[in-house]
1. Filter the range 73-100 down to residues that are among the hydrophobic types (A, V, I, L, M, F, W, C) and either in contact with an Asp or Glu (Cβ under 6 Å, 6 or more places away or on another chain) or modelled with pLDDT of 95 or more (or both) and give me whichever is surrounded by the fewest Cβ atoms within 10 Å (Cβ to Cβ).
2. Among A53, A74, A42, which is the only one that is out of contact with any Leu (no Cβ under 8 Å at 6 or more places or on another chain), assigned to a loop (DSSP other than H, G, I, E, B), aliphatic (A, V, I, L, M) and more than 16 Å from D118 (Cα to Cα)?
3. If you scan the range 29-57, which residues turn out to be touching a residue at least 40 places away in the same chain (Cβ under 8 Å) and either within 18 Å of D127 (Cα to Cα) or aliphatic (A, V, I, L, M) (or both)?
4. Name, by its number, the condition in (1) over 16 Å from the mean Cα position of the chain (by Cα); (2) modelled with pLDDT of 95 or more; (3) among the hydrophobic types (A, V, I, L, M, F, W, C) that does not hold for L124.
5. So, in the range 58-88, exactly how many residues are in contact with a helix residue (DSSP H, G or I) (Cβ under 8 Å, 6 or more places away or on another chain), under 17 Å from T107 (Cβ atoms) and touching a residue at least 40 places away in the same chain (Cβ under 8 Å)?
6. Within the range 114-134, how many residues are touching a residue at least 12 places away in the same chain (Cβ under 8 Å), more than 24 Å from P71 (Cβ to Cβ) and not in a helix (DSSP H, G or I)?
7. Identify, by number, the condition in (1) surrounded by 16 or more Cβ atoms within 10 Å (Cβ to Cβ); (2) modelled with pLDDT of 95 or more that G18 doesn't meet.
8. Can you name every residue in the range 101-113 that is crowded, with 18+ Cβ neighbours inside 10 Å and either part of a helix (DSSP H, G or I) or at pLDDT 95 or above (or both)?
Amino acid sequence: MSQAAGSRPLSFLAFDFGLKRTGAAVGNTLLGQAQPLKTLRAEGDARFAAIEALIREWQPDALVVGVPLHPDGAPHENTHRARRFARQLHGRFRLPVHEVDERYTTTAAAESGASDLDAAAAALILDQFLRGLA
């Protein structure tokens, strides 16, 4: 992925949101690929405290959240939950938040043999976002 002359690479943290677990990944525009970080096994304020620690560590320029949809593209209950999570991230951390269609990322992560499915799915979400920037 190329950088415009004089511009610095942008870094991102991505999340595969779930009610009990949220996968996290990091990536940047310099390398154009994501790497899984870990799965946050926390809910409510504990989840946001863990995310805050990741933001302090990685200093991302923006956040990316996977939004699940039905195979036909129609929203469902988890679509609304993921979008609410994205709004909460923006409200708490004042970083831009990008939403990405995450259909089939967990399935693809499982098929790849990933040991941490949620973090691997977050990396796939971020890879998809980074490809869209190219």
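1. Across the range 73-100, the extreme among qualifying residues is L95.
2. Step by step, each of A53, A74, A42 is checked, and only A74 is out of contact with any Leu (no Cβ under 8 Å at 6 or more places or on another chain), assigned to a loop (DSSP other than H, G, I, E, B), aliphatic (A, V, I, L, M) and more than 16 Å from D118 (Cα to Cα).
3. T29, G32, Q33, A34, Q35, P36, L37, K38, T39, I51, L54, I55
4. (1)
5. Residues that pass the stated criteria total 1.
6. Residues flagged as touching a residue at least 12 places away in the same chain (Cβ under 8 Å), more than 24 Å from P71 (Cβ to Cβ) and not in a helix (DSSP H, G or I) within the range 114-134 amount to 2.
7. With (1) surrounded by 16 or more Cβ atoms within 10 Å (Cβ to Cβ); (2) modelled with pLDDT of 95 or more applied to G18, the lone miss is (2).
8. T105, T106, A109
The values are calculated or read from the model by the stated rules, or taken from the named source; none is laboratory data. Keep in mind the model is a prediction, meaning the values are calculated, not measured. FYI the Cβ positions are ideal-geometry reconstructions off the backbone, even for glycines, and counts take in every protein chain you see.
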